[in-house]
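Below is one structure; the comments refer to it alone.
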Amino acid sequence: MGVNKQESGVQVGVSEEQVAEAKARAARLLLAFRHGNQLAYDTLVAEFGADEPTTDLISALCWIANEGVRKAYLPEAGDQVLRHLARRAEFGDRSVLTEEGAGPDAGALLEAVAAQDVTAVQEIVRRTPDTTFLLGKFVLAFAMVLPDVPEPVLRDVAAELRGE
C-alpha cells in the first residue's frame with residue numbers, strides 16, 4: 001500500500017519502497033552532516049540535483065534535524081537510529097563513514113610525514129573521505145609530541161611557518 005500525496009487536486013501515489021528509500025537517503029545525509037564527512041554530504045546532496053537555494057535549504061534542514069536528534073538521543077543512540085533507517089532501503093551503498101571509520105590512518109599519516117613520503121601522504125589523504133577528522137587526529141598527535149620539543153626549536157618552526 002502506497003502513501004498518497006494530494007498535489008493540485010491530482011492523486012500521486014508513492015510506494016512504501018520509495019518512502020523507505022527517501023528515509024534512508026535522509027538518514028545517510030544526516031549521518032554525513034553530523035560527523036562532518038563533507039565528501040559524503042556533498043555527494044549525497046549532488047544526487048538530488050538541487051540548485052543552490054535548494055542546497056541551502058537542505059543544509060538548514062539537516063542542521064535542524066541534527067539538533068533534534070542530538071537533543072532526543074545520546075550520540076551513540078542517535079547514530080544507531082540513523083544507521084537503522086539507512087539500512088532499510090534496498091539501494092546502493094547505504095553506509096556513511098563516521099568519525100570512527102573515516103580516520104583510521106592517522107598513525108600511518110604521521111609515519112609517512114616523518115619519513116617524508118609524499119606519495120604515501122597523498123594516498124592516505126585521497127582514500128580518506130573525512131579528511132577533517134584525519135587531519136584532526138594528526139593535529140592531536142602533533143599536540144601530544146609538543147611537550148618534548150625544546151622551546152627554541154618550536155619558536156624557529158613557528159617562525160618558519162609564518163614566513164618570517
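Computed from the coordinates by the stated procedures, all read-outs in this text should not be read as laboratory data. All of these numbers come straight from a predicted model, not from anything done at the bench. Positions of Cβ are backbone-derived with ideal geometry, glycine not excepted, and every protein chain shown enters the neighbour counts.
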Between Val125 and Leu39, what is the label-to-label distance in nm when each label sits 7 Å out along the Cα-to-Cβ direction? 1.2
Under the Karplus relation 6.51 cos²θ - 1.76 cosθ + 1.60, θ = phi - 60°, what is the ordered set of whole-Hz ³J(HN,Hα) values for the stretch 46-63, x standing for Gly and Pro? 4, 4, 6, x, 7, 7, 4, x, 5, 4, 4, 5, 4, 4, 5, 5, 4, 4
Restricting the stretch 11-78 to chymotrypsin sites (Phe, Trp or Tyr not before Pro) in coil, as DSSP defines it, with at most 14 other Cβ within 10 Å: Phe48, Tyr73
Extend 7 Å from the Cα of Ala114 along its Cα-to-C-beta direction; within the stretch 148-164, residues with backbone N under 19 Å of that point are 148-150, 154
Label-point separation in nm, Glu160 to Glu67, each point 7 Å along Cα→Cβ: 4.6
